[in-house]
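Asker: Okay, here's the structure, questions in a sec.
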Amino acid sequence: MSGLLPLTSREIKKWYRNPTFFIVGLLQPFFWIALFGSAFDITRGFGAAGRLILQGAPNYITFIIGGVATTTALFTGMFSGMNIIWDRRLGTLGRFLSSPIHRSSIVFSKIISATIRILVQILILFIAALLIPNGLEIASSFSAFDVILIIVTVTLVSTLFSSIFSVIAIRVTRQETIMGIVNLVNLPLMFASFALFPKQLMAPWLADIAQYNPVSWSATIMRTVIINGSLNASQLSTVLNNFIALFIVTVVVIVITYVLSESEIRQ
Amino acid sequence: MNIIETENLTKIYKGNIRAVDNLNLQIEEGSIYGLLGPNGAGKSTTIKMLTTVIKPTSGTARVAGLDIIKQSMEVRRIIGLVPQDLTTDEDLKGIENLMMVAKFYDVPTAKARENIDRLLKLVDLQDAAKRLVGQYSGGMRKRLELIAGLVHEPKILFLDEPTLGLDVQTRSLMWDYIKNIQETKNITIILTSHYLEEVDALSDKLSIINRGKLIVSGTPAELKNNVGGDILTMSFRSAEDMNKSLEILSNFQPTKVTEKTARFKVKSSEVVLPEIIEPLKRNGIEPLRYQVDKPSLDTVFMDYVGRALPEEEGEGDSRKMMMNLRRLRR
Ligand SMILES: Nc1ncnc2c1ncn2[C@@H]1O[C@H](COP(=O)(O)OP(=O)(O)OP(=O)(O)O)[C@@H](O)[C@H]1O
Ligand SMILES: [Mg+2]
């Protein structure tokens, strides 16, 4: 896709040169892990039974880290849409549209750069979780394969959310529209999922919805490998099912994003 | 040979706004062509259609023989655009902005470096090139915009208000750059402006557009000749005075009459003025004032559109807009 490389490198430069963005982006994971880790800690008061609720995790942070990572992807993904609207407002899009680049490269440069930002944020998130007291405890049989699986999962889910927000931005001219949609969609996506709470603690109707939520898929994949390291047959099939679902939905959304951005992007 | 031909080019925006209305233009290869019109005339919309940024509602155009709708990708490869807005990225250095544009056109890196060095020298930005564009002054910004449209050596360059918001000195400097580019590269340049003297100074041919419609086309000299002399505008104390005067001066045909003013086209105001003042005086009428406009593109515009170009207002508006945008950005 011509134009993809120069446009993506532009986005990345803008990101690391903007101190606010950069520092806030890096601090956010620390806040989240500290806040989520204690605010929602459902095991308090359960004593030894807590471990059962947490599907074998030694503590709550180990249980939710996959969920927090996924939510990070959800919230940072919206920047890809915001940045498209900025380019439209400033007229920069006009220069891009008059050059012989693929229209979709404008959109995918935002998606790729958002994904890179998310990967860096999540790396920090994991480091933060390892550093804090009573923090992340990774299973001893955790392997390089698990690391790769987590990276691929984060990449998929980041691409998925960035693409969704970008598609919205293809024709939208106002920042407020994206913000409104983010406000409308993000919290329900976060709470109607297995990101922060295990299935057993949810109302059955909510759990029914949550199993179709990509946030759940991503959180479940990461959680299962972080807690267990090497997986037994039933854990493996859980991971595999969630991964296949996530993969298919992401690919479908990427294709839709490609088609729509090639034909529909407007100044 | 015409490098650009538009056929009933039309753009209707949402809300039935006819921004460009059945426009037919012929632009000759290797010339500088001016599109002149007041705010909202449809200049930018025309440029956006010709540069394939937006699609026409109806009609089409050929750019170097290529259809702007069916062959838009091919059109994009041979044109350069300098939009009305400031579109270079404030968070990137000058040189990074230019390299990015070069990559859009797959210019090999060595060649891109060479072109960029030459262009930076041309507009005297060599030293500033390593700084972030956010730190540039408005004039530096506009110069960077200009050369960002040139790094890939286009055959046709579109300049949408290249001197908007610049002071008089910087503006004439910009004119020199534009002339220089056209002469050394022998490319076709289409530029829009609402400064009459700009189009007069730069363009070989021009079109005046207003409310999306073509008013008149020609060389600056032709258009001035068409006006057929000076424009004399007389203002009177009362409508009565004016009507009486029109009777007395029955051998002059007014081109435009409003409540208390009458406008005449005269060959030479020096010769004609006494012939007008004398008989009026004899009848006891003393007009409030006489105004003589020598043929310039201003008078051409006034003659064809019926009002003067609201130049100052336009400049103020756009300047305000640019400043707002910059503030928003921060
Ligand atoms: N995206 C848009 N949606 C709706 N109307 C538009 C849009 N862009 C321009 N217009 C309208 O189309 C008309 C022509 O606008 P255009 O920007 O082409 O004028 P212009 O000649 O470039 O003016 P200026 O000298 O102020 O730049 C105006 O009435 C403007 O309000
Ligand atoms: Mg304009």
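Asker: Compare each residue of segment A:57-98 in its chain alone against the assembly with all protein chains, and report those whose accessible area goes down by 50 Å² or more; 1.4 Å probe, heavy atoms.
Answerer: A:Trp86, A:Leu90, A:Arg95, A:Ser98
Asker: On average, how much area does the Cα convex hull of the protein assembly as shown cover when viewed from any direction, in nm²?
Answerer: On the way: hull surface 138.8 nm².
For the Cα atoms of the protein assembly as shown, the hull's average projected area reads 34.7 nm².
Asker: Also: Give me the percent of accessible area attributable to carbon and sulfur for segment B:1-143, probe 1.4 angstrom. Please list the in-between numbers first.
Answerer: On the way: 2830 of 5980 Å².
On segment B:1-143, the fraction of accessible area on carbon and sulfur atoms equals 47 percent.
Asker: What dipole magnitude, in Debye to the nearest 20, does the protein assembly as shown give about its Cα centre under +1 on Lys/Arg Cβ and -1 on Asp/Glu Cβ?
Answerer: Here the protein assembly as shown has a charge dipole of around 1140 debye.
Asker: How large is the accessible surface per residue of segment B:79-169, computed with a 1.4 Å probe and reported in Å² as a whole number?
Answerer: 36
Asker: Over segment A:4-263, average the accessible area per residue using a 1.4 Å probe and give it in Å², no decimals.
Answerer: With all protein chains present, segment A:4-263 gives 42 Å² per residue.
Asker: Next question, about the same structure. Note down the relative contact order for segment A:74-155 as a percent, whole number, built from C-alpha pairs under 8 angstrom at least six residues apart.
Answerer: 31
Asker: So for B:Lys281, B:Lys265, what's the accessible-area order with a 1.4 Å probe, most first?
Answerer: Reading off the accessible areas and sorting them downward yields B:Lys281, B:Lys265.
Asker: With an 8 Å Cα cut-off and a minimum separation of 6 or more residues, compute the relative contact order for chain A in percent.
Answerer: After rounding, I find 28 percent.
Asker: Shape verdict for chain A, please, from the Cα gyration tensor: rounded (a/c under 1.5), prolate (a/b greater than b/c) or oblate.
Answerer: Values: a/c = 2.02, a/b = 1.87, b/c = 1.08.
Since a/c reaches 1.5 and a/b is larger than b/c, the shape of chain A is classed as prolate.
Asker: How much accessible surface area, in Å² rounded to 10, belongs to the heavy atoms of B:Lys93 with a 1.4 Å probe?
Answerer: Counting only protein heavy atoms, B:Lys93 exposes about 70 Å² to solvent.
Asker: Between segment A:47-80 and segment A:187-237, how many Å separate their Cα centres?
Answerer: Each part's Cα centre sits 9 Å from the other's.
Asker: Given only helices, namely DSSP H runs of n ≥ 4 each adding -39500 (n - 2.57), what is the per-residue ellipticity at 222 nm of the protein assembly as shown, to the nearest 500 deg cm²/dmol?
Answerer: Numbers: 23 runs with 338 residues, N = 597.
For the protein assembly as shown, the value works out to -18500 deg cm²/dmol.
Asker: Indicate the gyration tensor shape class of chain B (rounded, prolate or oblate), computed on the Cα atoms with a ≥ b ≥ c the square roots of the eigenvalues: a/c under 1.5 is rounded; otherwise a/b larger than b/c is prolate and the rest oblate.
Answerer: prolate
Asker: Provide the percentage of antiparallel DSSP beta bridges, counting only those with both residues in the protein assembly as shown; round to the nearest 5.
Answerer: 65
Asker: Can you give the relative contact order of chain B as a percent, counting alpha carbon pairs under 8 Å and 6+ residues apart?
Answerer: Values: 582 pairs, mean separation 64.5, N = 330.
It rounds to 20 percent for chain B.
Asker: Post the alpha-carbon centroid distance, segment B:76-150 to segment B:228-259, in whole angstrom.
Answerer: Cα centroid of segment B:76-150 versus Cα centroid of segment B:228-259: 54 Å apart.
Asker: While we're here: What is the percent carbon and sulfur in the accessible area of chain A, measuring with a 1.4 Å probe over the protein chains and ignoring ligands?
Answerer: The C+S portion of the solvent-accessible surface of chain A is 72 percent.
Asker: Here is a follow-up. With all protein chains present, calculate the accessible area of A:Phe243 using a 1.4 Å probe and round the result to the nearest 10 Å².
Answerer: 40
Asker: Let me ask you something else. Given charges of +1 on the Cβ of Lys and Arg and -1 on the Cβ of Asp and Glu, with all other atoms neutral, how large is the dipole of segment B:124-223 about its Cα centre, in debye to the nearest 20?
Answerer: Numbers: 12 positive and 14 negative charges, 71 e Å.
Roughly 340 debye, rounded to the nearest 20.
Asker: Mind telling me which of A:Asp41, A:Asp208, A:Asp146 comes out most flexible in a GNM of chain A, alpha-carbon contacts under 10 Å?
Answerer: Most flexible of the set in this elastic network: A:Asp208.
Asker: Over segment B:229-294, with the other protein chains present, what is the accessible area per residue in square angstrom, probe 1.4 angstrom?
Answerer: Details: 4030 Å² over 66 residues.
I get 61 Å² per residue for this part.
Asker: Let me ask something else. Mind listing, in residue-number order, the residues in segment A:1-44 that have at least 50 Å² less accessible area with every protein chain present than in their own chain alone (1.4 Å probe)?
Answerer: So the qualifying set is A:Pro6, A:Arg10, A:Lys14, A:Arg17.
Asker: Moving to a separate point now. Picking from A:Val252, A:Val239, A:Val215, which is most flexible by a Gaussian network model of chain A using Cα springs under 10 Å?
Answerer: Sorting by GNM fluctuation, first place goes to A:Val252.
Asker: Given a 1.4 Å probe and no ligands, DNA or RNA in the count, how much accessible surface is buried by A and B, both sides, to the nearest 100 Å²?
Answerer: Interface between A and B: roughly 2500 Å².
Asker: Starting from the amide H of B:Ala61, placed 1.01 Å from N in the peptide plane, find each other amide H under 5 Å away whose residue is 5 or more places distant or on another chain.
Answerer: B:Glu7, B:Ile68, B:Ile69
Asker: With +1 on the Cβ of every Lys and Arg and -1 on the Cβ of every Asp and Glu, and nothing else charged, how large is the dipole of segment B:229-294 about its Cα centre, in debye rounded to the nearest 20?
Answerer: 120
Asker: Read phi for every residue in segment A:14-20 and hand back ³J(HN,Hα) as whole Hz from Karplus 6.51 cos²θ - 1.76 cosθ + 1.60, θ = phi - 60°, with x for Gly and Pro.
Answerer: 4, 5, 7, 8, 8, x, 4
The values are calculated or read from the model by the stated rules, or taken from the named source; none is laboratory data. Every value quoted in this text rests on a predicted model; they were computed, and no experiment measured them. So basically every Cβ, Gly included, is an ideal-geometry build from the backbone, and we count neighbours across all protein chains shown. Each accessible area value is taken on the protein alone, full model and side chains, heavy atoms only, with ligands, DNA and RNA left out. Shrake-Rupley method; radii C 1.70, N 1.55, O 1.52, S 1.80 Å.
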